Amino acid sequence: MFLFSTKADLQAYLKPLRDANKAIGLVPTMGAIHNGHLSLMAQSLNENDCTVVSIFVNPTQFNNADDLAKYPRTLERDIETISSLSEQIVVFAPSVEEIYGDNAVAQSFDFDGLENEMEGASRPGHFDGVGTIVSKLFELVLPTKAYFGEKDFQQLLIIKKLVEKKHIPVTIVGVPIFRGEDGLAMSSRNERISNDGLHKATFLYEVLKQAKTLFATESIEKVQQFVDSEFKNNSNFELEYFTIASEETLKPVIQKTEGQKYRGFLVAHIEGIRLIDNLSFN
Ligand code: PAF
């Protein structure tokens, strides 16, 4: 495995590959590598000559200082995990100064309104931070393809929008959510939940699946009422939001329309940890 912490070293490594027209895959992460990340890397390894994995807890996308401070940082273990998948992967793990100098602030982006829905409304400035770091990584790595998980479905759409609006020559690949056997979506935040809590958290996927079944025959209002009452009856969780939205605009759906694609989006808290999940409702 190759490990770089400076932009100059990473670029010196990548330049000959680029000159030889090799396909470079980029998997941006914030570390605490889990099987979900590994599935993105496996796909990149299959589709490219070289795979770069960035590990960087990006301060500008956190709107909560406590959340940033508590975000898991497990670089040594991450490197071992990545090496066990492939020795060929290039890991880029820079410091905050290396990326931002002494000015860790986000640029402002217009993602045609995608940034105002759900996570954008709940976490002001979050997508400006994501847009800032992802643009910087694209400029640095110049990847052929870049891989993002569908767990952060809104992020995936926003990055597609970024690339379209800024004419960045990269193909964005969305990778389906990687779930444990019990259905729990893999997340770096799961690290901070007790085993008991993790067991209970399978409830989120169960509710989403039942909501999907109801959605086939019932009104949006009925589905919403069902989800609200499930959470009212489960004292382990606090529901932040449940929204059924169009997969294209992410606008909440008021009435179902033939031929439209819908998705259910859920954010809930357990043991003070914020968990996010979603499911296609078609
Ligand atoms: O999804 C994440 O882990 C982050 O938002 C990303 C894309 C690596 C940007 O920091």
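Coordinate-derived values only; no laboratory data. If you're wondering where the values come from, they're calculated on a predicted model, not measured in any experiment. Note that each Cβ is placed from the backbone with ideal geometry, even for glycine, and that neighbours are counted across all protein chains shown.
For segment 113-158, the direction-averaged projected area of the alpha-carbon convex hull comes to 3.3 nm². Simple rule: put +1 on each Lys or Arg Cβ and -1 on each Asp or Glu Cβ in the chain, find the dipole, and look at Thr217, Val105, Ser83; the Cα lying farthest toward the positive end is Thr217. Only Cα pairs under 8 Å and 6+ residues apart enter the sum, and on that basis the relative contact order of the chain stands at 17 percent. Between the Cα long axis of helix 35-47 and the first principal axis of the chain there is an angle of about 50°, rounded to the nearest 10. By DSSP, the beta bridges lying fully in segment 136-282 are antiparallel in about 80 percent of cases. Charging the Cβ of each Asp and Glu at -1 and of each Lys and Arg at +1, and nothing else, the dipole of segment 108-209 about its Cα centre rounds to 200 debye.
As an equivalent ellipsoid, segment 1-131 spans semi-axes of 27, 17, 16 angstrom, where each value is the square root of five times an eigenvalue of the C-alpha gyration tensor, largest first. Expressed in units of 2.2 N^0.38 Å, where N is the residue count, the Cα radius of gyration of segment 153-213 is 1.51.
By the count of neighbouring beta-carbon atoms within 10 Å, fewest first, Ile254, Ile82 end up ordered Ile254, Ile82. Note on Thr51, Thr132: ascending count of other Cβ atoms within 10 Å places them as Thr132, Thr51, the fewest first. Projected over every direction and averaged, the convex hull enclosing the alpha-carbon atoms of segment 123-282 yields 10.6 nm².
For the chain, the dipole from Cβ point charges (+1 on Lys and Arg, -1 on Asp and Glu) about the Cα centre works out to 420 debye, to the nearest 20.
Distance between the 7 Å Cα→Cβ label points at Glu181 and Ala216: 2.7 nm.
For the chain, the Kirkwood radius over C-alpha pairs fed into Stokes-Einstein at 4 °C and 1.567 mPa s yields D = 65 µm² per second.
With K and R counted +1 and D and E -1, the other residues having a Cβ less than 14 Å from that of Phe92 yield a net charge of -2.
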